[in-house]
Amino acid sequence: MNKETALRWSGYVAMAIVFAIACAMLSNWQFSRNAERDAELTLVKNNYSREAVPLAELIPEGGAFSPADEWRPVELTGEYLTDKTLLVRNRPHGGTSAFEVLVPLRTDDGRVVLVDRGWLRPGDDQPAPDSIPAPPSGGVTVTGRLQAGEPAARDGRVAADGQVPTIDLGLIGQETGQSGLMVDSAYVLMTDETPRPAERPNALEDPSADPGPYLSYAIQWILFAVMGFAFIWYMIRTEIRHRREDEESGTRQRSRRTPSRRRDSDMEAEDELLDAR
């Protein structure tokens, strides 16, 4: 093996190593995503069907929402601030870019909690819903599940009047004039309310139990790394085989030429003997 071949093969191996490192990093990222998804599913499984407790038990006055309490059912009593209703747009429900109906509720202890009452389809002739079912007036008891507030909209996205781009509780507190009163760490996904009105928004779906593709993607990246080394091995083996075939072909050609030269030499010797006679 000459120096040029050695350098070429070293380059092949270096490429395979770099590719394997990249695959390992991507695989590790997918394993991390899979672990996060497993933790989410475990949290839903542990909290979703628990008995509802008063909101103050999980978020006391002056306290903050704990991520471990996500999906916990809570009960709160108070009065809807119907004139502060907002729509959050671009929500994936019913195969459409739907809207969710957000209504602040002033609880009996004076705090304001944002309640997500469900979702509505876009209107027939307009992007916004044709109508928004009104919540019950007067005193109401709401049962729902706790959710953490969402981050602010990225890239400066804005929404039309009466709408918000995300459930950003700080922004909603400003939009509704309830900053300082609104619980700004969590909101409630409504499951029921008493008294129950004749018409309500569509109920929010249960969270998905799909573990996602992360584990299969992680395994695929590992296989890609192995395939990279296998491909380099195949290239080197192919080059060695071709080199051997070329050497064997050259040897056979030389062996065929040698007897011919010997026959020519013998014939010349015979001619010289005949001339000498």
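The values are calculated or read from the model by the stated rules, or taken from the named source; none is laboratory data. Because the structure is a prediction, the values reported are computed rather than measured. Note that we place each Cβ from the backbone using ideal geometry, even for glycine, and neighbour counts take in every protein chain shown. The protein model used for the area step is the full one, side chains on, heavy atoms only, and it has no ligands, DNA or RNA in it. Shrake-Rupley method; radii C 1.70, N 1.55, O 1.52, S 1.80 Å.
Only one of (1) open to solvent by 10 Å² or more (accessible area, probe 1.4 Å); (2) farther than 19 Å from Glu199 by Cα; (3) at pLDDT below 95 is not met by Val164, so which one is it?
Going through (1) open to solvent by 10 Å² or more (accessible area, probe 1.4 Å); (2) farther than 19 Å from Glu199 by Cα; (3) at pLDDT below 95 one by one, Val164 breaks only (1).
What number of residues within region 62-81 satisfy the criterion of being farther than 13 Å from Thr143 by Cβ, touching a residue at least 40 places away in the same chain (Cβ under 8 Å) and either open to solvent by 60 Å² or more (accessible area, probe 1.4 Å) or in contact with a Cys (Cβ under 7 Å, 6 or more places away or on another chain) (or both)?
Counting residues in region 62-81 that are farther than 13 Å from Thr143 by Cβ, touching a residue at least 40 places away in the same chain (Cβ under 8 Å) and either open to solvent by 60 Å² or more (accessible area, probe 1.4 Å) or in contact with a Cys (Cβ under 7 Å, 6 or more places away or on another chain) (or both) gives 3.
Could you check how many residues of region 1-12 are in contact (Cβ under 8 Å) with a residue 40 or more places away in the chain and open to solvent by 60 Å² or more (accessible area, probe 1.4 Å)?
Count: 0.
Do you know which residues across region 121-141 are open to solvent by 30 Å² or more (accessible area, probe 1.4 Å) and in contact with a helix residue (DSSP H, G or I) (Cβ under 8 Å, 6 or more places away or on another chain)?
Matches in region 121-141: Ala134, Ser137.
When both residues are 6+ apart or on different chains and their Cβ atoms are under 7 Å apart, which pairs have a first residue that lies in region 22-41 and is crowded, with 17+ Cβ neighbours inside 10 Å, and a second that is of a type in the set (Val, Ile, Thr) and part of a helix (DSSP H, G or I)?
Taking only residues 6 or more apart or on different chains, the pairs are Cys23/Ile222; Ser27/Ile222.
Look through Gly228, Gly170 and report the one residue that is open to solvent by less than 60 Å² (accessible area, probe 1.4 Å), touching an Asp or Glu at 6+ places or on another chain (Cβ under 9 Å), in a helix (DSSP H, G or I) and farther than 15 Å from Val115 by Cβ.
So the residue among Gly228, Gly170 that is open to solvent by less than 60 Å² (accessible area, probe 1.4 Å), touching an Asp or Glu at 6+ places or on another chain (Cβ under 9 Å), in a helix (DSSP H, G or I) and farther than 15 Å from Val115 by Cβ is Gly170.
Of the conditions (1) over 20 Å from Tyr187 (Cα atoms); (2) surrounded by fewer than 16 Cβ atoms within 10 Å (Cβ to Cβ); (3) not small (Gly, Ala, Ser), Pro54 fails just one. Which one is it?
The single condition Pro54 does not satisfy is (1).
Of the conditions (1) modelled with pLDDT of 90 or more; (2) in contact with a helix residue (DSSP H, G or I) (Cβ under 8 Å, 6 or more places away or on another chain), Gly180 satisfies every one except a single condition; which number is it?
Evaluating Gly180 over (1) modelled with pLDDT of 90 or more; (2) in contact with a helix residue (DSSP H, G or I) (Cβ under 8 Å, 6 or more places away or on another chain) leaves (1) as the failure.
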